[in-house]
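The structure appears right after this line, and notes come after that.
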Amino acid sequence: MINNLTHSILGKGQQKSHHLFVVDDDQFVRTSFVRRLRRDGYHVDEFESGESVIECLTHTQDSPDVIIVDFKMPGLNGLETTKRIRQLFPFVPVILLTAYLGAINEDEAAHAGVFKILTKTIDLEFLLEMIHHAIEHQQQ
């Protein structure tokens with residue numbers, strides 16, 4: 001399924017890889033996601049804080065296709081980070097990750113511009129599916 005999913009995202013014979021940002025203060029989690037996403041053909045940049053991804057985005061004209069953000073981080077949490085991302089790039093889908101769904105107010109997340117909320121215990125294949133949906137949504 002993953003090969004088919006990657007094939008449908010990249011398109012037959014297409015050389016461009018979709019560009020993702022992964023933002024998580026937990027290096028182990030961040031590295032795990034980044035390795036898997038790169039293995040599946042994505043170009044991935046990683047950030048350890050909301051502040052670092054906002055700093056990067058303020059100095060670029062090119063937005064990533066999807067940004068994956070951890071909810072609970074020191075400094076800017078995932079919702080605050082999402083709000084700032086949306087100010088800079090209003091159409092970039094943001095997938096918010098959390099260890100516990102009950103920790104996030106879904107209305108507040110929707111108002112902040114979160115595309116989808118997922119638990120950190122997510123099956124990586126499901127995460128790839130959600131990234132695919134986010135990219136499709138952005139292209140509409």
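Just so you know, all these numbers are worked out from the coordinates, no wet-lab data involved. If you're wondering where the values come from, they're calculated on a predicted model, not measured in any experiment. All Cβ positions, glycine included, derive from the backbone under ideal geometry; neighbour counts span all protein chains shown.
Here the translational diffusion coefficient of the chain follows from Stokes-Einstein with Rh set to the Kirkwood radius across Cα pairs; for 25 °C and 0.890 mPa s it amounts to 163 µm²/s. Take 59-72, 90-103 and order them by the average number of nearby Cβ atoms within 10 Å per residue, most first; the result is 59-72, 90-103. Our coupling estimate for region 34-51, obtained by passing each phi through the Karplus curve with A = 6.51, B = -1.76, C = 1.60 and θ = phi - 60°, is 4, 4, 5, 5, 5, 4, 8, x, 8, 8, 10, 10, 10, 9, 9, 7, x, 4 Hz, Gly and Pro reported as x.
Fewest first, what order do V23, V29 take by the number of other Cβ atoms within 10 Å? Walk me through the intermediate numbers first.
Details: V23 29, V29 15.
Ordered by Cβ neighbours within 10 Å, fewest first: V29, V23.
What is the local net charge at I104, summed over the other residues whose Cβ is closer than 15 Å to its Cβ (Lys, Arg +1; Asp, Glu -1)? Within the 15 Å Cβ shell, the charges total -1.
Over the chain, how many pairs of lysines fall under 23 Å by alpha carbon, counting only those 8 or more apart in sequence or from different chains? Here the count comes out as 5.
P(r) for region 91-140, from all Cα pairs and a bin width of 10 Å, is 25, 52, 22, 1 %, short bins first.
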